[in-house]
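J.: If you scroll down you'll find the structure; I have some questions about it.
The values are calculated or read from the model by the stated rules, or taken from the named source; none is laboratory data. Small disclaimer: the values here were computed from a predicted structure and weren't measured. Cβ coordinates were reconstructed from backbone atoms using ideal geometry, including for glycine residues, and neighbour counts include every protein chain displayed.
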Amino acid sequence: MNDVLLKVEDVRKVFPTHSREVVRAVDGVSLEVRKGETLGLVGETGCGKSTLARCMAHLYDVTSGSVWFDGTEISTLSRKAMRPIRREVQVIFQDPYGSLNPRRRVGSIIGDPFSIHGIASGAERKKKVQELMELVGLNPEHYNRFPAEFSGGQRQRIGVARALALRPKLVICDEPVSALDVSIQAQIINLLADLQREFDLTYVFISHDLSVVRHVSDRIAVMYLGKIAELAPTSELFGQTRHPYTRALLSALPVADPDTADSREQIILGGDIPAATNPPEGCRFHTRCPKSRADCAATEPPLAAVLDDGGEHRTACIHPLTIGEDLSTAVPDLKAS
């Protein structure tokens with residue numbers, strides 16, 4: 001347990017609506033993030049991954065459950081008690097256009113952490129900010145420019161610099177490249193990898209793009225409708241996929257070779273994602289799953305090792321996939337016992 005930096009235990013987060021219903025954005029998630037690793041968190045839009053990230057950073061109060069950071073439970077801390085932890089946990093947000101104040105100069109934006117935590121001011125603060133700008137590939141001479149004078153990729157580098165100002169232990173990257181074009185995505189991903197090696201950072205990397213997460217992650221957690229469907233080391237998740245939802249996501253990844261693309265397994269999921277205000281009973285995925293059986297609707301599967309998998313590979317599925325099983329021809333049988 002000494003290598004666990006962040007621990008999430010049975011975390012739930014619900015949001016009330018005007019119709020008196022509640023949105024179950026995160027519904028009973030437990031996982032660990034180890035020191036120095038990158039944990040990828042993937043899933044379709046609306047699955048709860050960004051909400052979970054905000055719970056991890058205590059930007060949202062959890063409805064129930066607990067979040068532990070470096071041995072301290074932070075989910076119950078007040079804003080004042082949380083302030084020292086803020087130096088250790090930082091977030092890089094998705095939108096490089098919306099996460100920076102357009103009325104403030106870049107030097108002030110990056111320098112805020114030094115002022116807020118009383119670390120540096122005046123000339124010393126300016127020096128530290130310019131060092132950070134150079135570290136992330138920005139021209140230190142542009143200290144007094146406004147965000148609008150930078151490209152999208154440069155703005156995201158500003159966000160990275162701000163997140164690294166206090167030398168945090170954990171950085172939560174909330175879809176940091178989804179708003180950027182492909183060539184700029186590669187630059188930011190490579191920058192994050194270089195910074196991780198240089199400063200021994202731990203990342204939670206959130207994305208809906210499995211090809212990006214595969215490139216950066218040591219382990220990957222796949223979310224569906226507020227729950228973890230599968231959690232495994234990256235090589236195992238791609239090499240011996242167990243959950244039908246994960247297999248469906250993988251089958252949608254683009255392939256460069258046209259011949260391979262035509263011959264590979266293609267899984268088309270039926271129906272829409274159920275509403276988070278009224279999720280299905282039993283397995284959340286059974287309404288769209290090609291392998292769905294009657295017991296899938298009756299029993300909620302635990303996130304556990306299945307078949308011959310080790311403890312590192314856990315799947316929430318009653319009827320997990322075997323190696324080589326063709327899911328594209330599977331037909332749901334809701335009458336099966």
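J.: Six or more apart or on different chains, Cβ under 6 Å: which pairs go from a residue in the stretch 232-243 that's on the phi < 0 side of the Ramachandran plot and of a type in the set (A, V, I, L, M) to one that's modelled with pLDDT of 95 or more and not in a helix (DSSP H, G or I)? Could you list them?
T.: The qualifying pairs are Ala232/His313; Leu237/Ile220.
J.: If I filter the stretch 77-93 for residues that are in a helix (DSSP H, G or I) and of a type in the set (Asp, Glu), do I get at least one hit?
T.: Taking every residue of the stretch 77-93 in turn, none turns out to be in a helix (DSSP H, G or I) and of a type in the set (Asp, Glu).
J.: Collect the residues in the stretch 301-337 that are more than 16 Å from Gln240 (Cβ to Cβ) and loosely packed, with under 15 Cβ neighbours inside 10 Å, keeping them in residue-number order.
T.: Hits for the stretch 301-337 are Pro302, Ser328, Thr329, Val331, Asp333, Leu334, Lys335, Ala336, Ser337.
J.: Determine, yes or no, whether Pro113 is exposed (fewer than 14 other Cβ atoms within 10 Å of the Cβ) and either at pLDDT 90 or above or closer than 24 Å to Glu230 by Cα (or both).
T.: no
One line per residue, one yes/no per condition, for (1) within 26 Å of the chain's Cα centre (by Cα); (2) closer than 18 Å to Arg12 by Cβ:
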| site | (1), (2) |
| --- | --- |
| Ser30 | yes, yes |
| Val42 | yes, no |
| Thr45 | yes, no |
| Met56 | yes, yes |
| Thr72 | yes, no |
| Phe93 | yes, no |
| Leu100 | yes, no |
| Ile119 | no, no |
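J.: Next question, about the same structure. Is it true that some residue in the stretch 158-165 is out of contact with any Ser or Thr (no Cβ under 9 Å at 6 or more places or on another chain), at pLDDT 90 or above and part of a loop (DSSP other than H, G, I, E, B)?
T.: Within the stretch 158-165, one or more residues are out of contact with any Ser or Thr (no Cβ under 9 Å at 6 or more places or on another chain), at pLDDT 90 or above and part of a loop (DSSP other than H, G, I, E, B).
J.: Follow-up question, since we're still on this one. Which fully enclosed helices (runs of 4 or more DSSP H) of the stretch 221-337 have 2 or more residues being at pLDDT 90 or above and hydroxyl-bearing (Ser, Thr, Tyr)?
T.: Qualifying helices (runs of 4 or more DSSP H): 234-239, 244-251.
J.: Then there's this: Exactly one of (1) of a type in the set (Val, Ile, Thr); (2) in contact (Cβ under 8 Å) with a residue 40 or more places away in the chain; (3) in the same structural domain as Asp95 (by TED's automatic domain parsing) is unmet by Ile228. Its number?
T.: (3)
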